[in-house]
Amino acid sequence: MDIIFLGVNDIGLRIYEWLCDRDSVNMVALLTEKSQLDLVHDVRPDLLISVGFDHLVPSDILEVPSQGAINLHPALLPYNRGKSPNVWPLIEGTPAGVTLHYMDESFDTGEIISQRQIETDFADTGKQLHRRLENAQYDLFTEIWPDIESGHIDTTPQDSENGSYHTTDDFLELCKIAPDEEVQAKEFLDQLRALTFPPFNNARIEVDGETYYIDVEIRRENETNPDVDGLLSSY
């Protein structure tokens, strides 16, 4: 099977390397920029695979591969289409997960091949959820690959009346913490933990002309240090 791979992020490279080790796969090219997509017309591969490709693929490109184009997205579609899908479940309470789907002319709206839900809780940060979503993407793709290779795939249309979509601008706006804004404690902590992704500086606040960056750590009661608790209670 001749494949052109579209991707640039860490999990995309993991899956790309996994596919390159398959005897039945002829990996023709790895593309990371939209300007490179004309190669698809020249090569006419059997399949396009996208993992972490940041650009919308035009319909004339999607029509070329004889077995279609598939995308692996770190969200439980139709929820959290678009950018930063590791952030919004922690803020909006939408379900987290990963989805393998066929690509169409819009972002993350094609028919679903398979998906898997990932549980979250109040101790999660954006970085922790991101890591679990990456591992789930890898597991889902490698498990479903034999069905893709054989062509034995049943798909499910997405629910067009539900779901959510977020842009890069939505994320950037979320990062701005207004010093005088009144907030609910739980909602504010949800925002901060969702933006916690060291070493990246996401949540930021300006106080007295200085910019400060904020990360948070939330621990369950059974994960606290009993010696420290004892010291505190003795005062």
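The values are calculated or read from the model by the stated rules, or taken from the named source; none is laboratory data. No experiment lies behind these values; they were computed from the predicted model shown. Ideal geometry is used to build each Cβ from the backbone, glycine not excepted, and the neighbour counts take in all protein chains shown. These accessible areas exclude ligands, DNA and RNA; they are computed on the full protein's heavy atoms, side chains included. Shrake-Rupley method; radii C 1.70, N 1.55, O 1.52, S 1.80 Å.
Working from Cα positions, state the angle (0 to 90°, nearest 10) between the long axis of helix 185-195 and the longest principal axis of the chain.
For 185-195 against the chain, the angle is about 40 degrees.
Given a 10 angstrom Cα cut-off, can you work out which residue in ASP121, ASP180, ASP215 is the most mobile in a GNM of the chain?
With Cα springs under 10 Å in the chain, the top fluctuation among ASP121, ASP180, ASP215 is at ASP180.
In a Gaussian network model over the chain where Cα atoms closer than 10 Å are linked, find which of GLY82, GLY163, GLY97 has the largest mean-square fluctuation.
GLY163
Below 8 Å, C-alpha to C-alpha, sequence gap of six or more: please give me the relative contact order for the chain in percent.
Relative contact order here is 16 percent.
Kindly provide the chymotrypsin sites (Phe, Trp or Tyr not before Pro) of segment 94-175 that DSSP labels as loop, not H, G, I, E or B, and whose Cβ sees at most 11 other Cβ atoms within 10 Å.
Hits after loop and neighbour filter: PHE122.
What are the trypsin sites (Lys or Arg not before Pro) within segment 1-100 that DSSP puts in a loop, where the Cβ has at most 15 other Cβ atoms within 10 Å?
ARG22
Can you list the lysines whose alpha carbon is less than 25 Å from that of LYS176, not counting same-chain residues fewer than 8 positions off?
Correct list for LYS176: LYS83, LYS127, LYS186.
How about segment 153-226: which GluC sites (Glu not before Pro) there are in a DSSP loop, with at most 13 other Cβ atoms within 10 Å of their Cβ?
GLU161, GLU181, GLU182, GLU217
Can you check what the net charge comes to around VAL28, using other residues whose Cβ is under 15 Å from the Cβ of VAL28 (Lys, Arg +1; Asp, Glu -1)?
-2
I want to verify a result. In a Gaussian network model of the chain, Cα cutoff 10 Å, which of these has the top mean-square fluctuation: ILE118, ILE70, ILE153?
ILE153
Summarise the accessible area of the chain (1.4 Å probe, protein heavy atoms) by the percent that is carbon and sulfur.
45 percent
SER106: accessible area at probe 1.4 Å, nearest 10 Å²?
60 Å²
Would you mind listing how long the chain runs along its three principal axes, going by Cα atoms, in whole Å with the largest first?
72, 39, 33
Report, in degrees rounded to the nearest 10, the 0 to 90 angle that the Cα long axis of helix 10-20 makes with the longest principal axis of the chain.
30 degrees
Tell me what the chain gives for mean residue ellipticity at 222 nm when only DSSP H runs of n ≥ 4 count, each as -39,500 (n - 2.57), the sum divided by the residue total, rounded to 500 deg cm²/dmol.
-9500 deg cm²/dmol
By accessible area of protein heavy atoms, probe 1.4 Å, what ranking do LYS127, LYS186 get, highest first?
If we order LYS127, LYS186 from most to least accessible, we get LYS186, LYS127.
Determine the principal axes of the Cα atoms in segment 104-235, then give the extent along each, sorted from largest to smallest and rounded to whole angstroms.
Principal extents (Cα only, largest first): 67, 39, 28 Å.
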